[in-house]
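To start, the structure under review is shown below, and the notes come after it.
The values are calculated or read from the model by the stated rules, or taken from the named source; none is laboratory data. Treat the numbers as computed from the prediction; the structure is a model and nothing was measured. Cβ sites come from the backbone with ideal geometry, for glycine too, and all protein chains shown count toward neighbours. All accessible areas refer to the heavy atoms of the entire protein, side chains included, with ligands and DNA or RNA removed. Shrake-Rupley method; radii C 1.70, N 1.55, O 1.52, S 1.80 Å.
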Amino acid sequence: MRIARFSIDGNVAFGAVEGDKQDELVLDIIKGIPFAEYELSGTKVPLSKVRLLPPVLPNKVVAFGRNYAEHAREMGNAEPEAPFAFFKPSTSVVGSGDEIQYPPFTQQLDYEGELAVVIGRMCREVPRERVQDVILGYTCANDITARDVQKREAQWARAKGFDSSCPLGPWVETDIDLATASDLTIQTTVNGEQRQLGSTSQMIHPIADLIVNISEAMTLLPGDVILTGTPAGVGPLSVGDEVAVTIEGIGTLTNKVVKRG
């Protein structure tokens, strides 16, 4: 099931996305929330009539760096022996169709297309054999990075945590199991031109390792998001660019870059 979060007539709701053709997609409004028992209402609205919101509002976004060997090399770094994480605050999250605001404190704003894991239940110290049980589904992410700031500041809080630096969407796909999620094609385009093309099978540390690793340290809450790293091919964005992250079996996350007003 594809679960979207949307706004219509000032109201916010979740809905199940139905249909195959983009111009014919409809939302069956959900009674309840995806993290508990819910049912479809049977009330349907065209996707074209609503505003898509970030599919979840995470308490925290846990992102893993240098999790693809070629990306680590293109950045001049060695492959990490163990997963290492950083955080993006909830205020960094925007949805598909929202603007990425180019902040004034950077001269190089980079895209990083990624697979995002959405946590479905509160959990801690998750054993490897139970990882599938704590996952609600998957969505597309773009780990927008102020690259020059990242290089000159020891901590990445400003470089990766500024407002609008974490586009997520367009929805959460729940009908993907862990094995399938571990071999999905990721593509990033800028103004329609391909910039990244990779597969989640290229991860150094697979999804299960990432969840085991971070849940050893902290409690994960429903709606929390795990960013799993980006393939090689990252590069700069300019004001006016449209960047799109497409992941096989999930959909396309699209955002336009604007100057922060």
Counting only residues in segment 236-261 that are on the phi > 0 side of the Ramachandran plot and part of a loop (DSSP other than H, G, I, E, B), the one least open to solvent (accessible area, probe 1.4 Å) is identified as G240
Can you find even one residue in segment 217-235 that is aliphatic (A, V, I, L, M), under 27 Å from Q22 (Cβ atoms), open to solvent by less than 60 Å² (accessible area, probe 1.4 Å) and in a strand (DSSP E or B)? yes
For the condition of a type outside the set (V, I, T), open to solvent by 10 Å² or more (accessible area, probe 1.4 Å) and in contact with a strand residue (DSSP E or B) (Cβ under 6 Å, 6 or more places away or on another chain), what is the one hit in A69, A78, A85, A116? A85
Criterion violated by Y38 - all others in (1) surrounded by fewer than 20 Cβ atoms within 10 Å (Cβ to Cβ); (2) of a type in the set (S, T, Y); (3) at pLDDT 95 or above satisfied: (3)
Name the residues in segment 136-193 that are more than 20 Å from P54 (Cβ to Cβ), loosely packed, with under 15 Cβ neighbours inside 10 Å, of a type in the set (D, E) and in contact with a Ser or Thr (Cβ under 7 Å, 6 or more places away or on another chain), would you? D183
Near pairs, Cβ below 6 angstrom, 6+ apart or cross-chain, from segment 26-53 (more than 29 Å from E99 (Cβ to Cβ)) to any residue that is surrounded by 15 or more Cβ atoms within 10 Å (Cβ to Cβ) and hydrophobic (A, V, I, L, M, F, W, C): Y38/I30; L40/A16; S41/I29; T43/I29
Requiring at least 1 residues that are of a type in the set (D, E, K, R), the strands (runs of 3 or more DSSP E) wholly within segment 57-136 are 85-88, 99-102, 109-111, 113-119
Taking segment 55-70 and keeping only residues that are in contact with a Pro (Cβ under 8 Å, 6 or more places away or on another chain) and within 17 Å of C140 (Cβ to Cβ), one is left with P55, V61, F64, N67, Y68
